Each structure stands twice: as C-alpha cells, then as structure tokens.
Number of protein chains: 2
Amino acid sequence: MNEPTRADAVADPASPYALRKLASIALDALADGAAARGGPLPAGGPEQVAARTRALCTPVLPEEGVGAADALYDVARAAAEGAADPSDPHCVAHLHCPPLAVAAAADLVASALNPSMDSWDQAPAAAVIEAEVTAALARLVYPHHPAPDAVITSGGTESNLVALLLGRERARATGARTVQVLVGANAHHSVRRAAWMLGLPTPLVVDCPGGRMSPAALDRALVECAGPALVVATAGTTDEGLIDPLPEIAEVARFHGAELHVDAAYGGPLLFSDTLAPRLAGIEHAVSVTYDLHKLGWQPVAAGVLAVADAQVLEPLALTADYLNADDDTEAGLPDLLGRSIRTSRRPDVLKIATTLRALGRRGLGATVEHCVRTAADVARAVDAHPALRRRPGDVGISTVLFRPAAADALPDADGDELVAAVRRDLLAEGRAVLGRATVADGDGRQRLWLKVTLLHPSTTGDDLAPLLDLIAEQAERLAPASMAA
Amino acid sequence: MNEPTRADAVADPASPYALRKLASIALDALADGAAARGGPLPAGGPEQVAARTRALCTPVLPEEGVGAADALYDVARAAAEGAADPSDPHCVAHLHCPPLAVAAAADLVASALNPSMDSWDQAPAAAVIEAEVTAALARLVYPHHPAPDAVITSGGTESNLVALLLGRERARATGARTVQVLVGANAHHSVRRAAWMLGLPTPLVVDCPGGRMSPAALDRALVECAGPALVVATAGTTDEGLIDPLPEIAEVARFHGAELHVDAAYGGPLLFSDTLAPRLAGIEHAVSVTYDLHKLGWQPVAAGVLAVADAQVLEPLALTADYLNADDDTEAGLPDLLGRSIRTSRRPDVLKIATTLRALGRRGLGATVEHCVRTAADVARAVDAHPALRRRPGDVGISTVLFRPAAADALPDADGDELVAAVRRDLLAEGRAVLGRATVADGDGRQRLWLKVTLLHPSTTGDDLAPLLDLIAEQAERLAPASMAA
C-alpha cells in the first residue's frame with residue numbers, strides 16, 4: 001500500500017483517491033482493534049485502558065506531525081481496541097445502540113461533503129433532504145394534524161431543552177414571566193437541567209408509583225400551579241423503559257389548561273410499528289415530542305428529533321443574521337434554515353437518517369423495533385427461569401429488563417446492593433460485559449439496586465443472551481462471600 | 001458488485017464486509033454526484049435543486065424499504081450532486097471549510113464504533129483520547145496557566161452558550177442574581193441568542209468603530225454596570241475577520257472587575273502558528289475562550305472547543321445521574337464524563353480532531369493557517385489591481401476580503417447595494433460561485449453591501465482565485481444596466 005502523503009491529507013476531500021485510501025486504512029484499524037480487544041470492552045479497567053490508549057496514539061499534538069496514514073491508523077486502532085462495542089451481545093448497559101453499517105456509511109458522506117445546515121448556500125440538497133425527513137418524522141407523531149413539523153437535534157437532551165425554551169416563550173407571549181415545568185420523578189435528568197439552564201423555576205416533581213407518572217398526583221400538583229404550566233411526561237424511562245399513561249396525563253393537563261411535552265427519546269420509534277404504536281396512544285396531544293433515532297433507530301449519535309404539533313410552535317427559534325439569511329435573499333427565494341436549530345453550523349445528521357429510513361422503510365424499522373421488544377420479553381422469561389437470578393417484579397419496559405443475582409437477596413439490603421454493584425464493575429473491569437444499573441423499588445416497596453440490560457441490538461436474540469445471564473450468576477457466586485464478609 | 005442485502009445493513013457494524021462495501025458505494029456516489037454537479041454548487045437555484053434532489057432520493061420514508069445499497073447511493077448521490085462544495089475555489093462564502101480527507105476518514109471511525117461520551121462504559125478509549133486532546137487544546141490558549149481545561153462542543157454557538165452559562169453561575173455564586181453581558185456590535189449573533197436562552201439581561205452593545213471593539217466605549221459601558229459583568233470580545237469577526245484589541249479590552253475589564261470571554265471561533269487556530277499567534281496576544285486574560293476547528297482547522301462540522309483558564313471554571317456543569325456516574329462507581333475509579341458537556345449522548349468528534357492534530361502536528365497546522373492568511377493577502381492585492389473591483393478600505397481580516405464591483409459605486413447607494421446582492425445571487429443560481437456578503441461601513445463612513453470571500457482552503461492560492469474575480473466583474477457588468485433601470 002502506498003503511504004498517503006501529507007498532500008493527500010489536505011487534498012480535495014472529494015478526491016476519490018485520498019478518501020478511499022484513508023477510509024480503507026480506518027477500516028483496517030477498526031478490524032485490527034476489534035480483534036485485539038476480543039470482547040465487548042477492553043479488559044483491565046480504566047487505568048490499563050488509559051495506559052494502552054496513550055501508548056497507541058499520543059502525543060495527540062506533536063510539534064511535527066506523523067502523517068495522515070499513521071495518525072489515522074493510530075487513533076482508529078486505539079479507539080477500536082478500547083471501545084465498548086454495542087454490537088457485542090454482552091454490551092447492553094445503556095440506550096447505546098449498535099449503529100447500522102448503512103447509517104455509518106451515510107455518515108461518511110456527511111463528513112466528506114461537510115454541508116452546514118445554517119444556510120442554503122452551504123447545504124442546497126442537504127436542506128431539501130432535511131425538510132423531507134423532518135416532515136416524515138413529524139407525521140409519524142402527528143398523522144392527523146394539518147401542519148406538524150420537526151427539527152433535528154443532537155439528542156434527547158437538546159430536544160428537551162428546546163421544548164422547554166419554546167414552552168417558556170409561549171408563556172411569555174401570554175404576558176406571563178415564565179413557565180412552571182412539572183416533571184415525573186422518573187424523568188430524565190435533562191429536563192431538570194434544561195430548566196436550570198433556561199432560568200425557569202425548579203420543576204415540580206410528580207410522584208411515579210411503579211415507575212409511571214400518577215395522573216392523580218399530577219392533578220394535585222397542577223392545582224397548586226398559578227401561571228402557565230408545562231407537563232413533561234416520559235415514554236420510555238431510562239431506568240425501566242416504562243411509558244407514562246399518556247391519555248390520562250393529557251386529559252389532566254388539558255383540564256388545567258397546562259401544556260404537555262412528551263420525552264419519548266427511547267419510546268418514540270415504537271411509532272414505526274403497527275403493533276407497538278398503540279402503546280404511545282395519546283402522544284398526539286403533546287405540543288412537542290422528543291425522540292431519538294440513536295437509540296431505537298440504530299443511528300450513530302447524533303440523531304435527535306423534536307416534533308411539534310404545529311409548525312408555528314417553532315417560531316421563537318426564528319433568527320435573522322445578515323450573513324446567512326438577509327431579508328432580501330429570503331425574499332428572492334433563498335430558503336432560510338437558521339430557525340431550525342439552536343446551533344448555527346450544524347452537521348447534516350439527517351443524511352444517515354434519510355438513508356436508513358429509505359433503506360428499511362417504515363415496515364423494516366417497525367420490524368426491527370419489534371425484534372428488540374421481543375428479545376426483551378425473551379430475556380425476561382430466561383431470567384424468570386434462571387435459578388440464580390431474580391427479575392424485578394412488574395412489567396418489562398420497552399426493551400429493558402431489571403434483575404439481580406439471588407445471592408444479593410440473601411444479604412442485608414446495603415450488602416446486597418453492594419454485591420450487585422460489584423458484579424457489574426468486575427465484569428466491566430474484566431472486559432466481559434457492559435451492564436447497566438438502576439435503583440428502583442422492589443416488590444416490597446424498598447429501593448434496591450438492580451442490574452439493567454437494555455436490548456437494542458437489531459439481530460441479537462434471547463438465546464444469544466443466555467450465556468450473559470450465566471456469566472452474571474457465576475460472577476455473583478464468586479463475589480458473594482467476600483461481599484458478605486465486607 | 002454484489003448487492004449488500006438487508007442483513008448487511010443491520011449486520012454487525014464492525015463487520016469489515018458490510019461497512020467496507022457500503023463505504024465504497026458511498027464514495028462512488030460522491031464521485032458521481034460531484035461529476036454531475038460539475039461546479040461549486042448545483043445550477044438552477046433553490047427550486048430546481050429541490051426538484052432534482054426529490055427525484056433522486058424520495059420518498060425518504062416509504063412503507064417498504066428500497067434496501068441499503070440503493071438507499072445509500074440515492075441519498076449520497078443527491079447530497080453530492082446538490083452540494084455547495086467548499087473544496088472548490090469558487091466556494092468562499094462562509095467560515096465553511098473543506099474538510100481534510102483524513103478527518104473525514106476518522107469521522108467514519110466515530111460513526112462505526114459509536115462511542116457515546118457520557119460515560120466511561122460507552123467510551124473507554126475515546127474518553128482517554130478526549131482528555132488528551134482537550135488538555136492540548138487548553139494549553140494552546142493558556143500555556144502558562146497551571147490547570148487550564150477545555151471541552152469539546154458542537155461549535156462556537158454552543159461554546160458561547162456554555163461560556164455565558166458558566167459566567168451566570170459564577171455571578172450567582174457571589175450572591176448576585178445574574179450577570180450582565182457586554183458585547184461588541186461586531187459580535188456573532190450567538191452571544192445575544194445565548195443571553196436570551198439563559199434568561200440573562202439583554203446584552204449591552206459596545207461600539208466597534210472600524211469593526212473592532214473600542215476599549216474607551218467598553219470603559220464607559222462598564223461604568224454603568226452595577227453587578228457582575230462579562231465582556232465578550234471577538235477574535236475573528238464573521239463579517240471582516242477582525243480581532244478586537246484584546247490586551248486593552250482585558251485591561252479595561254480588569255479595572256472594572258469584569259470578566260472576559262473571547263469568541264475566537266474563527267481566529268483561535270492562529271495560535272498554532274508562531275508567526276500569527278501574537279495577533280491573539282492578551283487572549284490568556286480571558287476566563288474562557290471559544291474556538292472552532294471546523295473553520296480554520298479543516299474538520300467536518302462539528303469540532304468546537306471551549307477552553308477555560310482553570311478547570312474549576314467548568315464545575316457548574318457537574319452532574320450526577322445514577323445510571324451514568326453513580327457515586328460508588330466514581331469512588332471505585334470509573335471516570336466521570338458527564339460534566340464535560342451540556343449534551344448527554346455525545347458523538348466523539350474528538351477522534352477526527354485527534355487524528356488531524358497528530359497527522360499534521362502543531363507546525364503543520366500552523367503552516368496551513370499561514371497559507372490561508374497569505375492567500376487572503378494575495379487576493380486583496382489582486383482585487384486592488386483589478387480595474388473593475390474595489391476593495392473595502394482598511395485592513396484585511398484574518399482570511400476575509402471584502403470588495404464590490406466598481407459598477408456598484410457608480411450607482412446611487414441603494415441601487416449599488418442591490419447590484420452587489422444580485423451579482424451574488426445570480427452566480428449562486430447559475431451554480432458558478434458561492435460568495436458571502438456583509439454590510440459594513442465604507443471609507444466615507446456609510447454602510448454599504450460588500451461581497452465577501454473567506455479563504456479557508458488549505459491549498460488554493462491567490463492565482464487559483466483570479467478567475468473568480470474576473471467572473472464577478474463580468475457578472476456585475478452584465479447586470480449593472482438592468483439594476484440601474486430597476
């Protein structure tokens with residue numbers, strides 16, 4: 001292989017020569033790194049991973065460069081060898097999906113062309129593709145609304161931030177000073193963080209017995225609210241994958257004249273499936289809906305969506321900057337993109353989304369969501385049948401299963417939790433499994449720590465996960481005496 | 001070529017087979033699209049581009065998918081054929097750089113591995129690489145500070161937002177209710193937008209005679225400020241590429257006990273160059289500095305940086321979420337990444353940055369910045385020598401040159417501006433050039449509309465741009481009579 005020279009590194013990025021050769025080096029490094037890792041994540045824990053990573057690719061800013069080919073191989077190899085690989089069946093901690101190869105390849109197009117989504121003259125076609133995609137994604141949530149719309153975000157956190165910002169501006173437009181957010185105890189931290197950033201009053205927290213927002217508790221909380229209120233419900237909680245009772249919540253909100261935003265970062269893509277969409281019944285009553293396609297949706301981060309019931313809801317984002325959308329240009333027919341985001345320069349994350357939607361179609365996406373839901377049910381059954389594991393009583397979330405080693409139940413509560421945490425950390429340090437954790441009420445009402453598996457893999461089955469359950473049981477057995485002694 | 005099947009599309013993304021084959025299809029489509037476009041942007045204007053794009057790749061969400069290979073080719077081809085190509089010498093409107101091929105290839109690694117930067121167990125090695133890169137990028141701004149730090153952002157807009165957020169929290173920590181931002185009339189719109197989002201008082205606008213913030217005007221404005229104040233200076237204005245007088249501004253701010261943030265989104269990378277870094281003297285007095293590597297830096301969007309003089313400045317971003325950084329995990333040695341961003345799920349934009357820094361080294365990056373600055377000087381000289389063009393009197397900005405057709409000067413002011421706008425729009429609609437625009441004072445003090453060229457190409461020279469100047473002159477000559485008649 002000829003070494004790409006520095007000239008290639010700074011050459012026309014559309015040049016098939018330079019990019020094809022360098023992409024090939026990157027793919028070689030990915031394969032070599034994955035082979036060297038040999039598992040769902042690197043063994044050895046944080047210190048060893050750091051040392052190995054530094055050995056492979058530092059200094060990151062030498063005085064004299066090492067050249068494009070070597071630098072690319074070094075960094076790609078280090079990143080791959082030290083990756084937590086969501087395509088491994090033992091990597092199931094988070095809402096962190098294995099990206100589809102077709103989406104990753106489409107993302108290369110975004111990087112090579114580098115359209116920036118803040119003006120037409122930086123992204124003529126990408127802007128059109130974005131408009132088509134956001135229209136389709138808005139219709140998915142609001143099929144019966146006359147003029148729904150959506151914007152692409154960096155993820156649920158940004159979607160929720162923008163939703164609260166828009167809620168604040170609607171409140172201000174009525175002459176109020178601010179908006180009071182009401183949020184379930186089960187909500188993602190980003191809602192409270194957004195309220196903090198935006199200078200809103202601290203959100204009122206609504207009880208969530210059993211992990212779902214209580215409409216009765218919401219009703220009581222809204223009675224206390226004087227001014228404009230925005231209720232934030234969740235469709236797919238981070239800990240359990242549960243969906244708040246949206247029709248009842250919408251009704252309570254409506255009764256009190258409050259608005260509803262739904263954080264469906266996790267659950268939104270159920271809408272692709274005819275059989276699963278009914279679980280989100282009522283979502284169309286929300287003024288805005290967060291959902292991510294880098295969870296269920298199998299996109300590389302970032303692929304966030306904020307859908308709104310009516311395009312006018314987005315108006316507070318409108319902005320004129322003479323260099324990007326001067327009035328005379330807009331009047332002359334140049335599309336104005338600036339009001340589509342709180343960012344200015346913006347990567348066209350929409351290209352990979354468009355490619356995936358078109359590749360799989362609504363049915364293909366729906367079938368893949370159904371696969372994940374089915375896998376979770378299979379895993380729940382396998383846990384129930386496993387002698388050394390106990391599943392958390394109650395419903396299985398969208399594709400999330402909580403359980404703990406029975407050995408932990410044999411210990412006093414604090415020691416049991418400690419055992420659960422140690423099982424997870426040791427499997428992580430040994431490079432054998434990436435498991436999640438959640439502190440959630442047990443059947444007796446007491447808060448206990450659980451292991452969490454989040455099933456997002458588009459092809460892994462329950463059978464593929466049986467070895468993981470055994471591994472957890474064995475690890476618990478090995479650790480239990482030490483933990484009991486501690 | 002064998003058609004990748006749907007199974008490939010949802011296969012293990014680390015599988016060299018699926019991704020290599022699909023990446024190859026994407027690169028084919030990029031080449032075909034660029035050939036079909038045949039210029040810096042597609043001809044025909046917004047409506048024709050939209051029609052052609054829709055013909056190539058819609059519907060984006062069919063009921064039944066078209067398959068991975070076809071969908072990828074369709075979307076990539078449409079995006080490429082309808083791109084504004086920053087690697088074309090005639091595409092010089094914005095701070096929109098041609099990305100290095102090596103950076104685009106590294107970005108493929110980010111997409112394929114999909115580490116998410118919000119917890120160690122989603123990004124073991126990527127987190128280490130980010131720590132190395134942010135340390136190096138912080139030292140670039142603050143070489144003599146004991147503990148500078150930096151975070152990676154989605155761009156200057158997010159960097160400025162976080163800078164103002166941190167400023168607000170520092171003010172609150174002193175018992176104040178908020179912070180008063182003071183900003184030059186030359187500042188990027190994102191500063192005012194951030195103040196709006198964060199619920200801060202409307203920023204006070206400081207005069208910028210000649211395009212640079214006046215220290216005397218700042219002094220007068222600060223006299224009027226009662227509470228905590230944050231001065232936002234600019235190093236590399238969007239319209240002109242000018243740098244505020246940072247040492248004097250820092251001194252005025254210090255005298256009044258105000259803090260300084262510098263938006264060096266454009267100018268920050270001058271620090272890579274020994275000869276250009278002195279232009280940013282005084283920047284080290286800022287508590288925080290915004291800079292982008294997707295402008296000078298040749299990264300695909302996004303590659304933003306916010307550097308801070310001391311790591312403690314970032315403390316208000318600290319956040320605990322039990323599922324990502326539970327206290328017992330952090331105590332057990334698992335690195336806590338959550339306080340490094342206002343986002344949660346976060347793409348490892350740092351991989352392409354690390355690769356580029358290591359590929360080119362500080363000297364290589366500095367030499368490439370110097371090339372752009374030199375090209376701007378060459379273009380300015382060529383404009384001065386051109387009989388049909390007039391350069392805006394005054395200094396050339398970092399790599400930005402403003403000028404207008406002499407034909408516009410022959411018209412009444414409004415008609416002249418109209419001619420300038422029409423030249424730009426017509427070249428855009430004809431697919432022949434992507435030029436910027438700016439309304440800035442002329443030598444006689446009157447605001448006039450100028451054409452703007454922003455030179456960011458790592459290898460284009462002044463000679464390569466000579467045909468563009470002729471093209472502009474010809475277009476103005478062709479349009480001038482019609483404009484006079486209008």
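Please work out the Cα center distance from region A:14-43 to region A:194-241, rounded to the nearest Å.
Computed from Cα coordinates, the inter-centre distance equals 45 Å.
Can you tell which of B:ILE25, B:GLY67, B:GLY45 lies farthest toward the positive end of the dipole of region B:7-78, using +1 and -1 charges on the Cβ of basic and acidic side chains (Lys, Arg; Asp, Glu)?
Positive-most Cα among the choices belongs to B:GLY45.
Give me P(r) over region B:200-263, computed from all C-alpha to C-alpha distances, binned every 5 Å, as integer percentages.
Calculated P(r), rounded to whole percents: 4, 18, 33, 26, 14, 5, 0.
Extension gain A:ALA55-A:ALA173, at 0.36 nm per residue separation less the Cα-Cα distance, in nm?
Working: separation 118, 0.36 × 118 = 42.48 nm, distance 5.65 nm.
Length gained between A:ALA55 and A:ALA173: 36.8 nm.
Check which residues have an amide H placed less than 5 Å from B:TRP450's amide H, if you skip close sequence neighbours.
B:ALA438, B:THR439, B:VAL440
Just to be sure I follow the definition: excluding the sites themselves, where is the longest run in chain A that has none of the GluC sites (Glu not before Pro) in a DSSP loop with at most 12 other Cβ atoms within 10 Å? Don't jump to the answer; show the numbers that get you there.
On the way: sites that count: A:GLU63, A:GLU64, A:GLU224.
It works out to A:225-486.
I need the Debye-formula profile for region B:362-485: one equal scatterer per C-alpha, no solvent, reported as log10 I(q)/I(0) at q = 0.18 1/Å, two decimals.
Log-scaled intensity ratios, in q order: -0.91.
Before anything else, pin down the relative contact order of chain A: Cα pairs under 8 Å, at least 6 apart, normalised by residue count, whole percent.
Values: 933 pairs, mean separation 91.9, N = 486.
Relative CO of chain A lands at 19 percent.
Please go through region B:406-486 and write out the trypsin sites (Lys or Arg not before Pro) that DSSP classes as loop and that have at most 15 other C-beta atoms within 10 Å. Each step should come with its number before you reach the end.
Working: sites: B:ARG424, B:ARG425, B:ARG432, B:ARG437, B:ARG446, B:ARG448, B:LYS452, B:ARG478; in loops: B:ARG432, B:ARG446.
Those that pass, being in a loop and sparsely packed, are B:ARG446.
Quick one: grab the alpha carbon gyration tensor of region B:198-338, order the square roots of its eigenvalues as a ≥ b ≥ c, and give me rounded if a/c is under 1.5, else prolate or oblate depending on whether a/b is larger than b/c.
Details: a/c = 2.36, a/b = 1.47, b/c = 1.61.
Here region B:198-338 falls in the oblate category.
Zone of B:ASP274 (label point 7 Å along Cα→Cβ, backbone N under 14 Å): which residues in region B:381-402?
No residues fall inside that zone.
With no solvent and one point on each alpha carbon, what is the Debye value of log10 I(q)/I(0) for the protein assembly as shown at q = 0.11 Å⁻¹?
-1.43
Suppose we consider the axis relating copy A to copy B; can you name the residue of A with the nearest Cβ and state that distance in angstrom as an integer?
That would be A:GLY199, 1, residue then distance in Å.
Could you pull out every residue, at least 5 positions away or on a different chain, whose amide H is within less than 5 Å of the one on B:VAL181? Hs are placed 1.01 Å off N in the peptide plane, and Pro or chain starts have none.
Amide H to amide H, under 5 Å and 5 or more residues apart or across chains, B:VAL181 pairs with B:LEU204, B:LEU230.
If you average the C-alpha positions of region A:281-308 and of region A:62-128 separately, how far apart do those two centres end up, in angstrom?
Measuring centre to centre over Cα atoms gives 22 Å.
With charges set only on the Cβ (+1 for Lys and Arg, -1 for Asp and Glu), what does the dipole of the protein assembly as shown come to about its Cα centre, in debye to the nearest 20? Kindly include the intermediate steps, with their values, before the conclusion.
Numbers: 82 positive and 122 negative charges, 79 e Å.
So the magnitude is around 380 debye.
Which distances, shortest first and in nm, link A:ASP32 to the matching position in the other copies, using label points set 7 Å out along Cα to C-beta?
When each copy's label point is compared with this one, the spacings are 3.3 nm.
To one decimal in nm, how far is B:ARG220 from the same spot in the other copies, if labels go 7 Å from Cα toward Cβ? Please give the shortest first.
Label-point separations across copies, in nm and ascending: 6.0.
Quick one: which of A:LYS21/B:LYS21; A:LYS21/B:LYS295; B:LYS295/B:LYS352 span more than 21 angstrom between C-alpha atoms? Before the final figure, lay out the partial values.
On the way: A:LYS21/B:LYS21 14 Å; A:LYS21/B:LYS295 24 Å; B:LYS295/B:LYS352 14 Å.
In this structure, A:LYS21/B:LYS295 exceed 21 Å between Cα atoms.
Shape call for region B:7-78 from the C-alpha gyration tensor, a ≥ b ≥ c root eigenvalues: rounded (a/c under 1.5), prolate (a/b greater than b/c) or oblate?
Oblate shape, in that a/c is at least 1.5 and b/c is the bigger or equal ratio.
Taking region A:167-223 as the region of interest, what is the percent of Cα-Cα pairs per 5 angstrom bin, listed from the shortest bin to the one with the maximum distance?
Each 5 Å bin holds this share of Cα pairs: 4, 20, 24, 21, 19, 9, 2, 0.
Place +1 on the Cβ of every Lys and Arg and -1 on the Cβ of every Asp and Glu in chain A, take the dipole about the Cα centre, and give the residue among A:VAL133, A:ALA103, A:GLY236 whose Cα lies farthest towards its positive end.
Towards the positive end, the residue furthest out is A:GLY236.
Quote the relative contact order of region B:362-485 in percent (integer), defining contacts as alpha-carbon pairs under 8 Å separated by 6+ residues.
Working: 173 pairs, mean separation 37.6, N = 124.
Dividing the mean separation by the residue count of region B:362-485 yields 30 percent.
Is there a quick way to get the dipole size of region A:116-347? I mean about its Cα centre, with the Cβ of Lys and Arg at +1 and of Asp and Glu at -1; what is the value in debye to the nearest 20? Numbers along the way, then the final one.
On the way: 16 positive and 28 negative charges, 149 e Å.
With only Lys, Arg, Asp and Glu charged at Cβ, the dipole is about 720 debye.
If you average 1/r over all unlike Cα pairs in region A:63-191 and invert the result, what Kirkwood radius do you get in angstrom? Could you put the intermediate results ahead of the total?
Values: mean 1/r = 0.0517 Å⁻¹.
Computed over Cα pairs of region A:63-191, the Kirkwood hydrodynamic radius comes out at 19.3 Å.
What are the distances, in nm and sorted shortest first, from the label point of B:ALA466 to the label points of the same position in each other copy, with each label point placed 7 Å from Cα along the Cα-to-Cβ direction?
Values, ascending and in nm: 7.6.
In chain B, which whole DSSP H runs stretch at least 20 Å along their own axis (Cα) and average -1.0 or higher on the Kyte-Doolittle scale?
Working: long enough: B:16-37 (31 Å, 0.46); B:124-141 (27 Å, 1.31); B:156-173 (25 Å, -0.08); B:350-385 (43 Å, 0.38); B:413-429 (24 Å, 0.01); B:462-485 (35 Å, 0.26).
Membrane-span-like by this criterion, though nothing is claimed about a membrane: B:16-37, B:124-141, B:156-173, B:350-385, B:413-429, B:462-485.
Quick check on chain A: what does the Kirkwood estimate of hydrodynamic radius come out to from the alpha carbon pairs, in Å?
Numbers: mean 1/r = 0.0410 Å⁻¹.
Averaging 1/r across every pair of different Cα atoms and inverting gives 24.4 Å.
Determine the gain in length on full extension of the stretch B:ALA43-B:GLU477; use 0.36 nm per residue of separation and subtract their C-alpha separation, reporting nm with one decimal.
Working: separation 434, 0.36 × 434 = 156.24 nm, distance 2.07 nm.
Answer, rounded to one decimal: 154.2 nm.
Taking the Cα centroid of region A:421-486 and of region B:414-438, what is the distance between the two, rounded to the nearest whole Å?
With region A:421-486 and region B:414-438 each reduced to a Cα centre, they are spaced 62 Å.
If R₀ is 56 angstrom, what is the calculated FRET efficiency for the pair A:GLN447 and B:ASP413, using the beta carbon separation as r and rounding to 0.05? Walk me through the intermediate numbers first.
Details: r = 72 Å, r/R0 = 1.28.
Result of the calculation: an efficiency of 0.20.
Given H placed 1.01 Å from N in the peptide plane, which residues other than close sequence neighbours of B:ASP118 have an amide H under 5 Å from its amide H?
The answer is B:ARG346.
Would you calculate a helix-derived [θ] at 222 nm for chain A, using -39,500 (n - 2.57) for each DSSP H run of n ≥ 4 and dividing by the full residue count, to the nearest 500?
On the way: 16 runs with 221 residues, N = 486.
Result for chain A: -14500 deg cm²/dmol, rounded to the nearest 500.
Throughout, read-outs are computed from the coordinates displayed, never taken from laboratory work. Being a predicted model, the structure only gives us computed values, none of them experimental. With ideal geometry, Cβ positions are generated from the backbone for all residues, glycine too; neighbour counts draw on all protein chains shown.
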